[in-house]
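Bear in mind these aren't lab numbers, they're just calculated from the coordinates by the rules spelled out. Bear in mind the structure is a predicted one, so any value in this text is a computation, not a measurement. Positions of Cβ are backbone-derived with ideal geometry, glycine not excepted, and every protein chain shown enters the neighbour counts.
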Amino acid sequence: MKFYTDRLIMTPGPTEIPLRVKKAMIRETTNPDLDPSFLELYNNVRGKLQKLLNAEKSHIYVMAGEAIMGLEASIANTMKPGDKVIVVANGVFGEGFADIVKAYGGKPLLIAGENWRGGVDVGEVERALEKNRDASILTIVHCDTPSAILNDVRSVAKIARDFGVITIVDAVSTIGGVPVEFDNWGLDILIGGSQKVLNAPPGLTVIALSDDVWERVERVNYTGLYMSFKLWRDMLDVKNVFPYTMPDVLVYALDEALNIILEEGLEQVYSRHLKAREASWRALETLNLEPYPSSLEHSSPTVSAIIVPQRVSERKLRDYIWVKYGVLLAGSWGRLEGMVIRVGHMGLQASRTHLLKAYTALARGLKDMGLEVSVSKVVDAIENAYT
Ligand SMILES: Cc1ncc(COP(=O)(O)O)c(C=O)c1O
């Protein structure tokens, strides 16, 4: 492992944890099941998340477990075996929802799987809903992190609502970096993660639930325990007790991570991420590298996915940049593995200095491998984006 002064983590999650968040984790220990001050802090975190997600009318839970658990819980609690689910499959996680649906006995109908390089075509969603009036759930990923694609969740959720279909949104790599309006957009379930834009450690999943979705949750009557939304509501909201012991240290971290974002102000936070995306794309243009998303507006402000030139091994390039220049970049998965390299610009990474370091390292890495690139032009491109 590299000493912290010699490295920069630029992966699209888990991300580096700011010192303030690390400090927040060092406290006197307590019993989070019994100490009323922990419950108070937990409820304050829910309030902060309501602000972040514009979910004032909705219910928020912070559950112990990775975001994958949140995705699984959202299906387990709302779907009965045999239910038809429209799965917006224009990315690795988008497509992945189908596996969860199948695992719980549902029938996934995959749409938009043809075009992974663009955001979902809202017309295609509408046509699928029209043809499949028996579908009751739609799943969509806000930013499919492995490809950096950003989907127009707002328009999709509106159409789904018109058809009486509930919308489940994976917003794991957007919350805290891209605006989300849970109530106004008419979302039913949103899943967020702690270790991406929020710059907190992995281990928590954020769940937002609309008022309307409860009727469905009651009807489906999921009988599992650990992921049961009903259990969370009936224990936490009714009796003020947690269904299981909370990892208090992680909740302290999330609390401080949210403080940092809310202190900066949401507008400023979002424009900082937009600026990072712009700087990143300008750097790529100078490097003659093609972004995987076909256009800027379909590329998430939180991450860039870049097609690696054919004569370069993506894995070797990443390893080399890490060892030689101390910058950790990410590869991708599924059908993008070996083809795409990713630079995270989420949370504290969405800064001029982080991007300068990441892209000079990428430029130097490519140059060292024999490609004709100008490191100084990359620096200029990023500096210009910030002036
Ligand atoms: C869009 C998206 N959804 C879900 C997940 C899964 O999150 P976790 O690894 O925390 O379970 C990830 C992680 O990379 C992601 O990028």
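What distance in nm lies between label points placed 7 Å from Cα along the C-beta direction at Arg352 and Asp35? Label at Arg352, label at Asp35, 4.2 nm between them.
The slack between Lys102 and Asp162, meaning 0.36 nm per residue of separation minus the straight C-alpha distance, is 19.0 nm. Assuming a ≥ b ≥ c are the square roots of the Cα gyration tensor eigenvalues, decide whether the stretch 165-269 counts as rounded (a/c under 1.5), prolate (otherwise, with a/b larger than b/c) or oblate. Because a/c hits 1.5 or more and a/b fails to exceed b/c, the stretch 165-269 counts as oblate.
Compared with the direct C-alpha span, the chain from Arg7 to Glu218 gains 71.1 nm at full extension, assuming 0.36 nm per residue.
Could you work out how far helix 266-286 tilts from the main Cα principal axis of the chain, as a 0 to 90 degree angle to the nearest 10? Relative to the chain, helix 266-286 is tipped by roughly 40 degrees. Taking Cα atoms only, the orientation of helix 352-368 departs from the longest principal axis of the chain by about 50 degrees. Cα centroid separation, the stretch 1-63 to the stretch 114-136: 35 Å.
Estimated purely from DSSP H runs of n ≥ 4, each contributing -39500 (n - 2.57), the mean residue ellipticity at 222 nm for the chain is -12500 deg cm²/dmol once divided by its residues. When the listed pairs Lys23/Lys324; Lys84/Lys230; Lys80/Lys107; Lys158/Lys230; Lys131/Lys158; Lys84/Lys131 are checked against a 19 Å cut-off, the alpha-carbon distance exceeds it for Lys23/Lys324; Lys84/Lys230; Lys158/Lys230. Here the label points at Glu278 and Lys230, each 7 Å from Cα along the C-beta direction, are separated by 5.1 nm in the simple model. Computed from the Cβ-Cβ distance with R0 of 22 Å, the FRET efficiency linking Gln310 to Lys377 stands at 0.50. Here the stretch 19-262 is treated as a Stokes sphere of Kirkwood radius computed over C-alpha pairs; at 25 °C and 0.890 mPa s its diffusion coefficient rounds to 135 µm²/s. For Ile166, the residues whose modelled amide H falls within less than 5 Å of its own, excluding neighbours fewer than 5 places apart on the same chain, are Ile137, Leu138.
Close amide H partners of Lys107, meaning residues 5 or more places away or on another chain with modelled amide H under 5 Å apart, are Gly82, Asp83, Lys84, Val85. The simple Förster model, with R0 at 41 Å and r as the Cβ-Cβ distance, assigns Arg27 and Asp183 a FRET efficiency of 0.80.
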